[in-house]
Amino acid sequence: MTIAQNTTQQVGMSLTVRPAGERGQANFGWLKSAHSFSFGNYHDPEHMGFGNLRVINDDLVAGGKGFGQHPHQNAEIFSYVLGGALEHKDSLGNGSVVSAGGVQYMSAGSGVTHSEFNPSATEEMRFLQVWLLPETQNTKPAYDTIDLSNEDKSGKLKLFLSRDGRNGSMTTQADASVYAATLEGGQKISTDLKAGRKGWVQVANGSLNVNGIALTKGDGLAIEGSGSLIFDQGSAAEILFFDLS
């Protein structure tokens with residue numbers, strides 16, 4: 001499909017589907033990854049990011065495996081854990097294990113090295129790794145985690161990362177608000193995208209409709225313009241919603 005074929009025009013908004021099957025793929029044996037945007041050996045000039053959203057990798061990591069120590073600078077990175085657990089260690093002295101339903105966040109700022117591993121010897125671990133671009137370069141590195149309960153996000157958008165840390169969310173150096181939600185059956189979520197902002201929906205699990213557009217696991221939806229968004233028709237759906245600059 002071309003971009004034009006994937007785009008739906010609605011009043012005040014343009015919505016473009018990024019189909020799961022068109023994402024870049026990587027398979028290293030211990031790691032299987034699908035890239036919504038150009039990353040590593042996958043390069044597509046049509047998909048270099050969206051607004052200040054630069055990376056969404058859907059990663060499946062084998063038991064006992066992971067990413068060894070490696071550096072980052074001037075990137076806002078979070079990992080949304082979907083299955084198993086993720087162990088983090090970094091050069092700032094932080095260390096934690098985040099299980100499914102949790103999020104770990106790192107502001108790389110002026111520079112940090114870290115590792116991420118699957119602490120289980122037998123169970124696979126799945127997570128979405130997301131990079132956002134910061135507003136300011138070379139800030140002081142930071143690290144945080146948050147646990148999201150099923151109740152937090154059932155039939156509603158739960159804010160977990162924001163520029164101002166409002167409503168108990170983690171604070172990021174990126175001009176972005178990031179929400180998680182689950183939808184099932186008759187649940188419906190309504191929200192507004194304001195003028196001058198961009199929206200992105202990433203379907204982590206299940207299926208749902210957004211403004212009548214059917215999406216399923218792995219699909220992304222880029223939203224430009226302003227207006228109302230309706231999330232409904234969920235079937236075991238779990239999503240991330242990004243409000244971006």
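What do you reckon, is Ala20 at pLDDT 95 or above, in contact with a Gly (Cβ under 7 Å, 6 or more places away or on another chain), farther than 30 Å from Thr139 by Cβ and surrounded by 16 or more Cβ atoms within 10 Å (Cβ to Cβ)? Outline the logic, then answer.
Working: at pLDDT 95 or above: yes; in contact with a Gly (Cβ under 7 Å, 6 or more places away or on another chain): yes; farther than 30 Å from Thr139 by Cβ: yes; surrounded by 16 or more Cβ atoms within 10 Å (Cβ to Cβ): yes.
Yes: the conditions hold for Ala20.
To keep it simple, each residue is scored yes or no on (1) at positive phi; (2) of a type outside the set (Phe, Trp, Tyr); (3) touching a Gly at 6+ places or on another chain (Cβ under 6 Å); (4) assigned to a strand (DSSP E or B).
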residue: Gln187; (1), (2), (3), (4): no, yes, yes, no
residue: Thr191; (1), (2), (3), (4): no, yes, no, yes
residue: Trp200; (1), (2), (3), (4): no, no, no, yes
residue: Asn205; (1), (2), (3), (4): no, yes, no, yes
residue: Leu215; (1), (2), (3), (4): no, yes, no, yes
residue: Ser235; (1), (2), (3), (4): no, yes, yes, yes
residue: Phe241; (1), (2), (3), (4): no, no, no, yes
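For the stretch 172-185, enumerate the residues that are farther than 15 Å from Glu238 by Cα and not in a loop (DSSP other than H, G, I, E, B).
Selection gives Ala176, Ser177.
Against the conditions (1) in a strand (DSSP E or B); (2) among the charged types (D, E, K, R); (3) farther than 25 Å from Gly83 by Cβ, where does Asp164 fall short? Just the number, please.
Asp164 satisfies all of (1) in a strand (DSSP E or B); (2) among the charged types (D, E, K, R); (3) farther than 25 Å from Gly83 by Cβ except (1).
Taking the stated definitions as given, is Thr113 under 27 Å from Gly212 (Cα atoms) and of a type in the set (Ser, Thr, Tyr)?
Considered against the rule, which asks whether it is under 27 Å from Gly212 (Cα atoms) and of a type in the set (Ser, Thr, Tyr), Thr113 comes out as no.
Tell me, which residue of the stretch 111-129 that is outside any strand (DSSP E or B) and polar (S, T, N, Q) is surrounded by the most Cβ atoms within 10 Å (Cβ to Cβ)? It would help to see each step written out before you state the result.
First, pick out the residues of the stretch 111-129 that are outside any strand (DSSP E or B): 111, 118-124.
Cutting the leftovers down to polar (S, T, N, Q) gives us 118, 120, 122.
Details: Asn118: 26, Ser120: 15, Thr122: 9.
In this case the residue turns out to be Asn118.
Being closer than 30 Å to Gly212 by Cβ, assigned to a loop (DSSP other than H, G, I, E, B) and not β-branched (Val, Ile, Thr) is the filter here, so list the residues in the stretch 8-44 that pass it.
Gly12, Pro19, Arg23, Ser36, Phe37, Ser38, Asp44
Among (1) under 16 Å from Arg126 (Cβ atoms); (2) in a strand (DSSP E or B), there is one condition Gly64 misses while meeting the rest; what is its number?
(2) is the only condition that Gly64 fails.
The values are calculated or read from the model by the stated rules, or taken from the named source; none is laboratory data. Note that the structure is a prediction, hence the values are computed from the model and not measured. Cβ atoms come from the backbone with ideal geometry, glycine included; neighbour counts cover every protein chain shown.
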